[in-house]
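Trainee: Provided herewith is a single structure, encoded as structure tokens, for subsequent inquiry.
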Amino acid sequence: MAKALTTLYRPVGPKELELIKASGYTKFPPRLPDQPFFYPVMNEAYAAQISSEWNVPAYGAGYVTMFDVDSSFLARYPVQNVGGAIHNELWVPAEELDAFNAHIVGLIEVIAKFEANPSGSVAH
């Protein structure tokens, strides 16, 4: 019997995307010292919102990644709601990111790109 999978999303900027590419789209890079948690989100709409509203202004572009993780492994991380109905995410301690990456099934896909256009608005 195949294991149950949960599809998660992660908004990333250009630098993080380059590190994901360098891994062969198999893992997320280690957190920086001032980043105690890795925050995958539970739905594409929330990831797109973060990517377009935060990553584009901060980095000039934002990407939405999608990936599957072994559901039984994820059970250790309760879903955290941080705002509205779509704002559900997991809080994975930075020191557990290697274990999290080991439970990704398949590849990390880039499913959307957002960037600032010359008028300053965000293009999808």
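Since every read-out is calculated from the coordinates, none of them should be taken as a lab result. Since we're looking at a predicted model, the values are computed, not measured. Please note: Cβ atoms are built from the backbone with ideal geometry, for glycine as well, and neighbour counts cover all protein chains shown.
Trainee: Residues in the stretch 17-61, backbone N under 20 Å from the label point at residue 102 (7 Å along the Cα-to-beta-carbon vector): list them, ranges by number please.
Mentor: 23-31, 37-40
Trainee: A further question on this structure: Mind checking which lysines have their Cα closer than 25 Å to the Cα of residue 3? Skip sequence neighbours fewer than 8 apart in that chain.
Mentor: Excluding near neighbours in sequence, the set is 27.
Trainee: Okay, next question. Quick one: Cα convex hull volume of the chain, Å³ per residue? All intermediate terms of the calculation are to be shown ahead of the outcome.
Mentor: Numbers: hull volume 13.9 nm³, N = 124.
That works out to 112 Å³ per residue.
Trainee: With Cβ to Cβ distances under 11 Å as the rule, what net charge do the other residues near residue 17 carry (K, R +1; D, E -1)? Intermediate results must be reported in sequence, preceding the final value.
Mentor: On the way: positive: 10, 15, 21, 113; negative: 16, 18.
Around residue 17, the surrounding residues sum to +2.
Trainee: Per DSSP H run of n ≥ 4, the term is -39500 (n - 2.57); total these for the chain, divide by its residue number, and report the mean residue ellipticity at 222 nm rounded to 500 deg cm²/dmol. Spell out each step's value before the answer.
Mentor: On the way: 5 runs with 30 residues, N = 124.
That comes out to -5500 deg cm²/dmol.
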